[in-house]
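To start, the structure under review is shown below, and the notes come after it.
FYI, it's all coordinate maths here, none of it is from the lab. Quick caveat, the model's predicted, so the values are computed rather than measured. Glycine gets a Cβ as well: all are built from the backbone with ideal geometry, and neighbour counts include every protein chain shown.
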Amino acid sequence: MPYETDEEYKDKEFGYNWVTSSRFLFYIQVLSVAALVIGMCYNLYTHRYKGKPDVEIPTNTLYTPQYK
C-alpha cells in the first residue's frame with residue numbers, strides 16, 4: 001500500500017512517531033513486569049513450606065540420652 005505523502009508514512013512508522021512508540025514500549029514494559037510478578041508468585045506457591053516434617057530422632061542423640 002503506497003503512501004501518498006511522506007507525512008502519512010512517518011505518522012504510521014514506529015521510529016518516527018514517538019507518541020505511539022513510547023505508548024507501545026510502556027505497554028510492553030507493564031506486561032513484562034506483570035508476567036514476571038505472576039511467574040515469581042507461582043514459583044513461590046509451588047515451592048512453599050509444607051509444614052513441620054515428622055522426623056524420627058535417635059534416642060542416644062537427645063539432650064538427656066537414653067541408652068539401651
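Odds and ends about this structure:
- Number of positions in region 18-38 that are small (Gly, Ala, Ser) and more than 20 Å from Glu7 (Cα to Cα): 3
- Neighbours by Cβ (under 8 Å, 6+ apart or cross-chain): first from region 23-46, closer than 30 Å to Glu13 by Cβ; second surrounded by 10 or more Cβ atoms within 10 Å (Cβ to Cβ) and of a type in the set (Phe, Trp, Tyr): Phe24/Phe14
- Count of region 6-54 residues which are surrounded by 10 or more Cβ atoms within 10 Å (Cβ to Cβ), of a type in the set (Asp, Glu) and not in a helix (DSSP H, G or I): 1
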